[in-house]
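Here the structure is laid out as structure tokens; the discussion comes afterwards.
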Amino acid sequence: MKKFSIFVCLSVFLSVAAFTQMQTRPETPAKPAPAGAPRAMANNDATYVALRTIQVGTENVHVNNFTLARDAGTFVFKSGVFRLLQPVNGKITGAVFTGDASFALKPPIAVEQRYLGILTKGQPFQEEFGSAVFRFTDGTEQEIRKAAANDSSPATGDAGGLLDDVRQQLRKKLKTNLDARLLADVLSSKQGGMFIAFIKGRKYSDKMIYEIDPEGAMKPDEIALTTWDDTHDGVWAAFHYSNEYKAGTANSDEQNYRFTVEHQKLDATIERNAHLNATAETKIIALQDGVRVLGLDLYRTLRVESVTAEGQQLSFIQEDKDQDADFAVILPRELKKGESYTLVTKYGGKDAVSNEGGGNYYPIARENWYPGLGFGSYTTYDLTFHVPKGMKMAATGKKLKDIDEGGENITEWTSEVPQAVAGFNFGRFKREEGKPLKQPYLLETYANPEPPDIIKSIQMAAEDNLPTTGSHMPVAALGTMSTLSLMKKAMAEGQIAVDLYTDYFGEAPYKRLAMTQQTAPNFGQSWPGLVYLPITYFFDSTVRHQLGIGEARGYFKVVGPHEIAHQWFGHMVGFNSYRDQWMSEGFADMSASIFLQVVYSKNGLDEYHKFWAEERQLMTEVNKEGKRPIDVGPVTLGYRLLNAKTGFDIYRRLIYPKGAYILQMIRFMLYDSRTQDPDARFKAMMHEFTKTYANRIASTEDFKAVLEKYMTPDMDLFGNHKMDWFFNQYVYGTDYPTYRLEHSFSNDANGDWVLNMKITQSDVGPNFAMAIPVYLELSNGKIVRLGNAKLLGSNSMEQHFPLKGLKEKPKRAMLAYFDDVLGNVENK
Ligand SMILES: [Zn+2]
């Protein structure tokens with residue numbers, strides 16, 4: 001039920017007031033849908049209407065001490081009455097309970113127990129309630145009937161009012177069309193497996209939902225406990241079926257879709273005013289028997305006119321754009337597992353793209369401007385775009401055609417491999433072309449010399465504020481805001497990064513990369529073969545300085561390399577769910593550090609060290625909610641860590657830098673300074689990872705399995721050839737250790753230098769293990785790695801390490817010189 005928009009990007013914290021208005025876009029007020037032909041088949045399927053308007057029926061069941069177990073959740077109904085809802089298609093889909101009851105939950109896995117424990121302040125989770133609304137397709141009514149007590153007194157409580165309240169909340173607050181989801185089970189000849197309880201809790205929240213859905217209550221997890229009131233908004237627990245853990249089959253490779261999208265043929269026209277009209281030919285394949293309703297992700301303001309298949313018009317669902325606007329198609333018959341089916345959807349609307357002035361357009365609907373399964377469902381695409389003449393289009397895939405016809409520019413694009421998403425950027429762009437030194441790649445840069453309206457108004461406001469002379473003319477105008485000169489920077493970054501990342505991570509499949517300007521000032525985004533860079537990237541440092549954004553903590557050095565690295569992580573290798581997105585963002589961020597190491601090398605590793613210091617700062621600085629991001633939860637909880645209590649900046653402050661550190665530590669565990677290419681083993685591991693998972697999704701566990709093939713004996717801290725220790729501590733855990741090195745040099749009896757050192761590990765639990773790399777800076781400035789010091793728990797070790805054959809006294813010894821250990825490292 002919880003929905004997150006997922007895309008791969010890098011944002012910066014800009015605090016400039018003038019920019020904040022650019023981040024909030026005004027909503028256009030709703031207009032009544034036009035009556036008549038175009039939406040004749042919308043929202044009027046008889047079974048759907050019956051679900052949509054369902055009422056409490058006449059069957060009442062009194063219960064006493066009735067226990068209802070649903071996976072890890074247990075309801076105890078001490079006393080009260082269930083009022084079953086009216087049957088639809090002969091099926092009972094819900095009941096309203098009033099009386100006295102409780103609900104307890106114990107997640108089947110430790111990481112979820114721990115997280116839930118934080119929210120309940122260490123108490124076992126138990127909620128008391130006097131009423132709840134249940135919806136189900138799993139036959140719950142039969143269990144209720146079996147529990148019937150001998151009591152014929154009339155039911156009390158306003159069951160109809162409770163049902164209606166949930167209905168209104170779903171539409172207006174949760175914006176989820178539960179009726180469309182229930183319809184899929186009601187119309188299917190197969191038994192459904194859905195169970196959802198809207199609990200009016202007394203202790204934690206009166207807006208609590210316990211949900212079990214075989215399609216994923218919180219994909220890929222089938223089970224979730226969530227709340228939706230403003231102060232407790234969030235996902236309290238999510239996990240797979242308990243029996244999957246018992247059987248050892250639970251893993252984050254699961255997707256739980258009923259069908260996949262195999263191919264999309266999209267033809268879109270975007271008018272000068274940014275109105276989008278499109279036809280989508282979507283070929284799907286059923287993954288199970290009994291598929292009747294197809295739920296597809298489509299941006300809410302893109303209104304469906306018609307859906308046709310096999311020559312006939314189909315019924316579809318898409319409610320008001322400001323309510324539960326989920327799009328779903330009702331098929332005339334059930335599909336069998338493996339059967340394919342092609343839908344043609346005609347749709348259009350405004351507000352999916354915005355006209356920003358000056359020939360700048362901003363795509364608002366990013367991954368759902370066409371009906372599909374959202375980001376990460378790998379599909380092939382054929383795209384045709386019609387945009388006003390004079391605009392240049394840069395889309396995902398290989399360009400097949402680019403012509404002007406009448407008042408339009410028409411381009412056609414095809415994907416040569418399945419893509420996680422399809423997207424586009426267009427405007428009155430200037431285009432430049434180049435190629436990397438080594439890789440056979442087409443590199444393009446696109447920028448619009450004319451600023452969007454918002455930049456013009458900032459420019460004018462800035463000029464108004466400048467000191468004026470007697471003639472009221474500003475003494476100094478802002479620098480010209482031309483974006484063209486920095487197209488060269490984008491090109492150069494593309495040239496270097498494509499070669500560098502191909503060497504480190506293997507060949508990416510796209511063979512083309514367009515670096516394009518977007519109006520947003522504060523984030524970049526990556527698409528297959530296409531990158532959006534924030535408009536501020538294209539401003540020179542004078543203009544940035546005048547706008548008060550400066551270098552924004554090195555952001556403008558890393559946003560390009562970060563977004564380019566997403567070609568490998570996020571696109572070539574996708575991520576399955578919110579639990580794995582840390583790999584996409586973390587690996588892209590870590591790739592940016594390799595770029596800094598290689599490119600900004602004038603002052604040695606200064607820029608590189610600065611980058612990692614910044615990453616640590618992001619994780620350990622207390623945010624305005626009073627939390628250190630590193631303590632809030634493990635990276636595998638992804639978006640779930642964001643809420644009103646932890647702060648909505650947690651994602652950017654934890655997932656990116658910690659994900660980067662995880663890969664960084666792996667890089668240096670595999671590092672071997674004795675070989676010609678110290679990164680050779682790391683590169684081989686990454687090449688295997690990207691090759692194995694090219695053009696599809698990978699999970700955290702998939703990555704771990706590849707790593708375990710390449711781990712060295714030094715990494716095998718527990719002698720079981722597993723990286724469990726590392727993943728438990730850093731990926732599934734929240735530790736942030738402190739390391740301290742005290743050292744001196746002396747001479748032994750032979751006159752050789754000896755390193756005397758004491759290494760302390762603290763702020764960790766008793767089972768926390770680490771092999772801390774110890775480095776030496778020689779008298780000539782060269783850095784060598786001496787080896788690793790192994791420590792368990794909060795502990796110290798002292799050692800006298802003979803440096804045989806070393807003639808001159810080393811300058812110093814250091815721990816984690818390459819910022820290769822996550823934690824607070826103090827080198828004395
Ligand atoms: Zn990113």
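Observations on the structure shown:
- In region 53-67, residue farthest from Ala184 (Cα to Cα) [restricted to those that are surrounded by fewer than 20 Cβ atoms within 10 Å (Cβ to Cβ) and touching a residue at least 60 places away in the same chain (Cβ under 8 Å)]: Asn64
- Among residues of region 579-606 that are open to solvent by less than 10 Å² (accessible area, probe 1.4 Å), those with a beta-carbon under 6 Å from a residue that is near the ligand (Cβ under 9 Å from one of its atoms) and of a type in the set (Gly, Ala, Ser) at least six positions away or on a different chain give the pairs Ser584/Gly570; Ala588/Ala565; Ser591/Ala565.
- Residue match in region 103-120 (condition: among the aromatic types (Phe, Trp, Tyr), more than 30 Å from Tyr245 (Cα to Cα) and crowded, with 17+ Cβ neighbours inside 10 Å): no
- Restricting attention to region 217-227, the residues that are closer than 13 Å to Ile196 by Cβ and either open to solvent by 10 Å² or more (accessible area, probe 1.4 Å) or touching a Cys at 6+ places or on another chain (Cβ under 9 Å) (or both) total 1.
- Residue match in region 311-334 (condition: at pLDDT below 95 and within 30 Å of Glu416 (Cβ to Cβ)): no
- Residue match in region 163-175 (condition: touching a His at 6+ places or on another chain (Cβ under 6 Å), more than 19 Å from Ser242 (Cα to Cα) and acidic (Asp, Glu)): no
- Listed conditions (1) in contact (Cβ under 8 Å) with a residue 40 or more places away in the chain; (2) surrounded by fewer than 18 Cβ atoms within 10 Å (Cβ to Cβ); (3) out of contact with any His (no Cβ under 8 Å at 6 or more places or on another chain) are all met by Gln142, apart from (1).
- Of the residues making up region 789-816, those that are of a type outside the set (D, E, K, R) and over 14 Å from Met757 (Cβ atoms) are Leu792, Gly793, Ser794, Asn795, Gly805, Leu806.
- Residue within region 615-632 that is away from the ligand (no atom under 14 Å from the Cβ), buried (at least 22 other Cβ atoms within 10 Å of the Cβ) and among the hydroxyl-bearing types (Ser, Thr, Tyr) present: no
- Selection count where residues are modelled with pLDDT under 95 and among the aliphatic types (A, V, I, L, M), scope region 720-753: 1
- Any hit, region 280-287, residues being touching a strand residue (DSSP E or B) at 6+ places or on another chain (Cβ under 8 Å), touching a residue at least 60 places away in the same chain (Cβ under 8 Å) and over 19 Å from Thr384 (Cβ atoms): no
- Search result, residues across region 71-90 that are crowded, with 21+ Cβ neighbours inside 10 Å and of a type outside the set (Phe, Trp, Tyr): Ala72, Gly73, Gly80, Val81, Arg83, Leu84, Leu85, Val88
- When region 568-583 is filtered for residues that are among the polar types (S, T, N, Q) and either within 11 Å of the ligand (Cβ to nearest atom) or at pLDDT below 85 (or both), only Gln581 remains.
- Tabulated pairs, region 379-403, first within 24 Å of Gly358 (Cα to Cα), second outside any strand (DSSP E or B) and aromatic (Phe, Trp, Tyr), C-beta under 9 angstrom, 6+ apart or interchain: Met391/Phe429; Lys392/Phe429; Met393/Phe429; Ala394/Phe429; Thr396/Tyr510
- Residue count, region 692-712 (criterion: open to solvent by less than 30 Å² (accessible area, probe 1.4 Å), in contact with a Lys or Arg (Cβ under 8 Å, 6 or more places away or on another chain) and part of a helix (DSSP H, G or I)): 1
- Members of region 534-564 found to be among the aliphatic types (A, V, I, L, M) and within 14 Å of the ligand (Cβ to nearest atom), listed by number: Val558, Val559, Ile564
- Unique residue being surrounded by fewer than 22 Cβ atoms within 10 Å (Cβ to Cβ) and either in contact (Cβ under 8 Å) with a residue 12 or more places away in the chain or over 15 Å from Leu68 (Cβ atoms) (or both) when the list is Leu182, Leu162: Leu162
- Filter result for Arg681 (within 22 Å of the chain's Cα centre (by Cα), in a helix (DSSP H, G or I) and surrounded by fewer than 22 Cβ atoms within 10 Å (Cβ to Cβ)): no
- When each of Phe198, Phe239 is tested for being more than 22 Å from the chain's Cα centre (by Cα) and aromatic (Phe, Trp, Tyr), the lone residue that passes is Phe198.
- With respect to being of a type in the set (D, E, K, R) and open to solvent by less than 20 Å² (accessible area, probe 1.4 Å), Asp672 falls outside the description.
- Within region 734-755, being in contact with an Asp or Glu (Cβ under 8 Å, 6 or more places away or on another chain), more than 12 Å from Val825 (Cβ to Cβ) and open to solvent by less than 30 Å² (accessible area, probe 1.4 Å) holds for one residue alone: Val754.
- Selection of first residues in region 351-377 that are without any contact (Cβ under 8 Å) to a residue 24 or more places away in the chain and farther than 17 Å from Gly570 by Cα and of second residues that are in a loop (DSSP other than H, G, I, E, B) and hydroxyl-bearing (Ser, Thr, Tyr), restricted to Cβ pairs under 8 Å at least 6 apart or on distinct chains, gives an empty result.
- Residue match in region 310-321 (condition: among the acidic types (Asp, Glu) and in contact with a strand residue (DSSP E or B) (Cβ under 7 Å, 6 or more places away or on another chain)): no
- When we screen Arg667, Arg652 for residues that are within 16 Å of the ligand (Cβ to nearest atom), of a type outside the set (Asp, Glu) and within 18 Å of Ser593 (Cβ to Cβ), the only hit is Arg652.
- Flag for Gly192 being crowded, with 17+ Cβ neighbours inside 10 Å, within 29 Å of Asn89 (Cα to Cα), in contact with a Ser or Thr (Cβ under 8 Å, 6 or more places away or on another chain) and among the small types (Gly, Ala, Ser): yes
Here's the yes/no breakdown for (1) closer than 22 Å to Thr176 by Cβ; (2) surrounded by fewer than 19 Cβ atoms within 10 Å (Cβ to Cβ):
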residue: Ser306; (1), (2): no, yes
residue: Asp320; (1), (2): yes, yes
residue: Val344; (1), (2): no, yes
residue: Gly357; (1), (2): no, yes
residue: Ala365; (1), (2): yes, no
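The values are calculated or read from the model by the stated rules, or taken from the named source; none is laboratory data. These numbers come from a predicted model, not from an experiment. In this analysis, Cβ positions are derived from the backbone assuming ideal geometry, glycine residues included, and neighbour counts consider all displayed protein chains. Side chains included, ligands, DNA and RNA excluded: accessible areas come from the protein's heavy atoms. Shrake-Rupley method; radii C 1.70, N 1.55, O 1.52, S 1.80 Å.
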